[in-house]
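The values are calculated or read from the model by the stated rules, or taken from the named source; none is laboratory data. What you are looking at is a predicted structure, and each value in this text was computed from that prediction instead of being measured. Backbone-built Cβ (ideal geometry, glycine too); neighbour counts: all protein chains shown.
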């Protein structure tokens, strides 16, 4: 197994004296996550003035912290593959992509390759040294739209922390069955389904989850909505909308057997019934740039199949009601 060594040293400033070793190390080394630094301390890779300490031990100003960590080569089983990707933005710290539907983000059981990660490693080989190949947040296989990838360890650590602190704004578009009356907020905890372990569900035993939504257009058979995530639970939007009684069109897991009403035209009924995936698209991303301290926003146009679905809905679905 390939190994690399991470070696550096820092002098503890006087104003950090009297704090725990792991706290000081996290303050002085923001490019590394606190959990990673704690693991290095436990493994004996960290010394203070030549002595090994525990993470809770107090350190003092003027002491020298030395790190000599042996790190396994990250993502060693993930291969580079020349797969087209739609890059919206790129700089020294970030790659912002518009993910196509039908592509899995990470290699895993059943999907060993041909994933977004394989494509990114071909496009930017240095991502091999970043945890999760730089992926900050995931989209489901059949969800399309905007994603951010970190190109440096410092950027990845900063963006993951911002995501956990709810400082990154993620907005989506979805086409759902039925007519929603108005916009609102869904506050419902999400956890594993009690019997179907591959599914998520609204459950009192789950983790807190909040989704905000507003109506863009109402049609006789469905509603076009915009959503903003406050939390990021697995399948959150899909589970919350199904819980609301308005599952996403095409959702094979949470859509149930919901079908358009009988008064819909045959063409519209066929279009909705045949839609091959959940009609969900990540449309907007806003974050603070990890190096420039600048608030940036990117948008990804709706995927072609969702645009075609909306076109059929407009042509066959009757009059629409305005934006809210």
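Collect the residues in the range 234-250 that are under 20 Å from residue 137 (Cβ atoms) and part of a loop (DSSP other than H, G, I, E, B), keeping them in residue-number order. Scanning the range 234-250 gives 234, 235.
Looking at the structure I just gave you, is residue 142 over 16 Å from the mean Cα position of the chain (by Cα) and touching a residue at least 12 places away in the same chain (Cβ under 8 Å)? Here the answer is no, as residue 142 does not meet what is asked.
Residues that are closer than 24 Å to residue 291 by Cα and touching a residue at least 24 places away in the same chain (Cβ under 8 Å) number at least 3 in the following strands (runs of 3 or more DSSP E) confined to the range 12-91: 86-90.
Table: residues versus (1) on the phi > 0 side of the Ramachandran plot; (2) out of contact with any strand residue (DSSP E or B) (no Cβ under 9 Å at 6 or more places or on another chain).
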residue: 18; (1), (2): yes, no
residue: 29; (1), (2): no, no
residue: 38; (1), (2): no, yes
residue: 45; (1), (2): no, no
residue: 50; (1), (2): yes, no
residue: 57; (1), (2): no, no
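Of all the residues in the range 8-58, those that are over 27 Å from residue 160 (Cα atoms) and surrounded by 17 or more Cβ atoms within 10 Å (Cβ to Cβ) number 2. Here the range 233-271 is the region considered, the condition is being in contact with a helix residue (DSSP H, G or I) (Cβ under 8 Å, 6 or more places away or on another chain) and surrounded by fewer than 16 Cβ atoms within 10 Å (Cβ to Cβ), and the residue that is modelled with the lowest pLDDT is 259. Taking the criterion of being loosely packed, with under 15 Cβ neighbours inside 10 Å and closer than 20 Å to residue 289 by Cα, the residues of the range 92-132 that qualify are 92, 126.
If a residue has to be assigned to a loop (DSSP other than H, G, I, E, B), free of Cβ contacts under 8 Å to residues at least 40 places away in the same chain and under 18 Å from residue 104 (Cβ atoms) to count, how many in the range 124-138 make the cut?
Residues of the range 124-138 that are assigned to a loop (DSSP other than H, G, I, E, B), as a first pass: 124, 130, 136-138.
With the extra rule that they be free of Cβ contacts under 8 Å to residues at least 40 places away in the same chain, the set shrinks to 124, 136, 138.
Applying the additional criterion that residues be under 18 Å from residue 104 (Cβ atoms) yields 136, 138.
Within the range 124-138, residues that are assigned to a loop (DSSP other than H, G, I, E, B), free of Cβ contacts under 8 Å to residues at least 40 places away in the same chain and under 18 Å from residue 104 (Cβ atoms) number 2.
Only one entry of 178, 102 meets the criterion of being under 21 Å from residue 253 (Cβ atoms), in the same structural domain as residue 278 (by TED's automatic domain parsing), out of contact with any helix residue (DSSP H, G or I) (no Cβ under 9 Å at 6 or more places or on another chain) and modelled with pLDDT of 90 or more, and that entry is 178.
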